[in-house]
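The values are calculated or read from the model by the stated rules, or taken from the named source; none is laboratory data. Owing to the predicted nature of the structure, the values given are computational and were not obtained by experimental measurement. As a convention, Cβ positions derive from the backbone with ideal geometry for all residues, glycine included, and neighbour counts pool all protein chains shown.
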Amino acid sequence: MNNMGIVIFAEGAEVGGAQGGLPILTMLIIAVVVIAVVIGVLLALRRRGRLKVSESGYRRKEDGDGRDDVDEDTVSEADTIKYIPVLHCLSGEYEGAMIPLDKKVVLGRDPSIASVVLHSIEISRSHMSIDYQSATGTFLINDLDSKNGVYVARGEEKQFKKVKTTVLREGDRFIVGLRVAEFEVIKQPLDNNQVLKNNS
């Protein structure tokens, strides 16, 4: 009579041998069951978001069952950091300052009109305005009939050109008066501690 039951291997026992080892078919069935269990555990961990880790992370969504589900579209750092439009002063009395452009900003000499006051006789009382256009991500500047003008250099241009009204993109620069101050329009991370109030 052939012994087909499961036998605990003793030292020196052979698989499928005449001395009572496990038949090959039984070994294959056990291997398939073990692999299926491992795959099931791995899929369950993946659904919970514990297995796969990405450098840029995962976007998580709540579906009402009390746990986070993983949306496997990775998010870039730019998607997770909020940016605000900023007027960065490159030279002049506010050199290094970051002035938020959360509303229209007027540059001029008169503190009762201007939100950014420049103390130079080359600057008109109400010299120019700058307004961030959130729909297009651009900056609209207007010379408010100043005596000494507003001059713009786009991107890496070295030469400044006089303008009346124009649209600037991030990284463009402008000067007011005859080089009284130079500014750059940029977008700054929201948590930057250098950002000042508009009424400074």
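For segment 80-100, the set of residues classified as in a loop (DSSP other than H, G, I, E, B), at pLDDT 90 or above and under 30 Å from the mean Cα position of the chain (by Cα) consists of Tyr94, Glu95, Gly96, Ala97, listed by residue number. Taking residues in segment 164-182 that are within 14 Å of Leu107 (Cα to Cα), and partners anywhere that are in a strand (DSSP E or B) and among the aromatic types (Phe, Trp, Tyr), the pairs with Cβ atoms closer than 7 Å and at least 6 places apart or on different chains are Phe174/Tyr151; Phe174/Phe183; Ile175/Tyr151. Only residues that are among the hydroxyl-bearing types (Ser, Thr, Tyr), closer than 17 Å to Lys164 by Cα and over 34 Å from the mean Cα position of the chain (by Cα) were counted in segment 110-144, giving 2. For segment 166-175, the criterion of being touching a Lys or Arg at 6+ places or on another chain (Cβ under 9 Å), modelled with pLDDT of 90 or more, surrounded by fewer than 15 Cβ atoms within 10 Å (Cβ to Cβ) and outside any strand (DSSP E or B) is met by at least one residue.
Flag: Ser120 matches the condition of being of a type in the set (Ser, Thr, Tyr), out of contact with any helix residue (DSSP H, G or I) (no Cβ under 9 Å at 6 or more places or on another chain) and part of a loop (DSSP other than H, G, I, E, B). Cβ-Cβ distances below 9 Å connect the following pairs, each with a first residue in segment 117-128 that is over 14 Å from Ile175 (Cα atoms), a second residue that is part of a strand (DSSP E or B) and of a type outside the set (A, V, I, L, M), and a separation of six or more residues or different chains: Val117/Gly108; Arg125/Gly108; Ser126/Gly108.
For segment 116-162, filtered to residues that are touching a Leu at 6+ places or on another chain (Cβ under 8 Å) and small (Gly, Ala, Ser), the residue that is surrounded by the fewest Cβ atoms within 10 Å (Cβ to Cβ) is Ser126.
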